[in-house]
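Data block below; observations after.
Values in this text are rule-based calculations from the coordinates and carry no lab data. In this text, all values refer to a predicted model and were calculated from it rather than measured experimentally. Every residue, glycine as well, gets a Cβ built from its backbone with ideal geometry; the counts of neighbours run over all protein chains shown.
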Amino acid sequence: MNVLFICKWNQGRSQVAEALFKKYTSKHTCLSAGTHANELPGITLAICAPLVVQVLKEWDIDVSNKTTKRLTQDLIDHADKIVFMSKQRELPEVLTQSENVTLWSIDDPDGRGYEFHVSMRNQIDIFVKNFLSSLG
């Protein structure tokens with residue numbers, strides 16, 4: 001099963017989901033992307049999302065060297081399941097008719113502090129565990 005986690009910038013929610021998913025299973029594969037991600041060579045999460053790096057490092061997951069990925073049609077076509085991690089009104093039109101899309105309404109961590117990032121990580125952790133359980 002190929003899973004694609006999508007959020008707006010691919011700096012927070014989808015990166016956390018990808019990291020946790022990979023921590024919990026090797027049976028399935030996953031990637032993450034952002035609808036508005038800026039793919040800037042050399043700009044790692046350590047630079048653009050240090051709090052995401054910090055809260056995952058607390059769980060022995062290192063994403064400091066990961067970079068952002070913009071959502072493409074190829075990524076969508078390759079995915080068996082897509083998890084969109086934002087408000088339904090922000091769902092890209094190309095995904096509105098897809099039966100493979102699951103919506104997780106999780107607030108954007110952009111501009112938020114450490115406590116918010118911890119809460120977001122914990123919320124996504126529960127969602128990922130439940131999602132994996134549903135995959136069997």
Relative contact order of the stretch 12-136, defined on C-alpha pairs under 8 angstrom at six or more residues apart (%): 29
5 angstrom amide H check on residue 102, placed H, neighbours 5+ away: 82, 83, 84
Value of [θ]222 nm, deg cm²/dmol, for the chain, DSSP H segments ≥ 4, -39500 (n - 2.57) each, nearest 500: -11500 deg cm²/dmol
Residue-span extension gain [residue 134 to residue 119] - 0.36 nm each, minus C-alpha spacing: 3.1 nm
Prolate/oblate/rounded call for the stretch 51-91, Cα gyration tensor, a/c under 1.5 rounded: prolate
Rounded to 5, percent antiparallel among DSSP beta bridges of the stretch 2-131: 5
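Does the stretch 2-131 come out rounded, prolate or oblate, given a ≥ b ≥ c as the square roots of the eigenvalues of its C-alpha gyration tensor, rounded meaning a/c under 1.5 and, failing that, prolate meaning a/b above b/c? Please list the in-between numbers first.
On the way: a/c = 1.43, a/b = 1.31, b/c = 1.09.
Rounded, since a/c falls under 1.5.
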Stretch gain in nm, segment residue 1-residue 60, where the contour uses 0.36 nm per residue and the Cα spacing is subtracted: 18.7 nm
Relative packing of peptides 65-74, 82-91, 106-115, 28-37 - highest average C-beta neighbours within 10 Å first: 28-37, 82-91, 65-74, 106-115
Rounded, prolate or oblate (a/c below 1.5 giving rounded, otherwise prolate when a/b exceeds b/c) for the stretch 41-117 by Cα gyration tensor: prolate
Charged-residue dipole, Cβ positions (Lys, Arg, Asp, Glu), the stretch 2-131 about Cα centre, Debye nearest 20: 180
Dipole of the chain, positive end: most advanced residue of 82, 72, 26 [Cβ charges, Cα centre]: 26
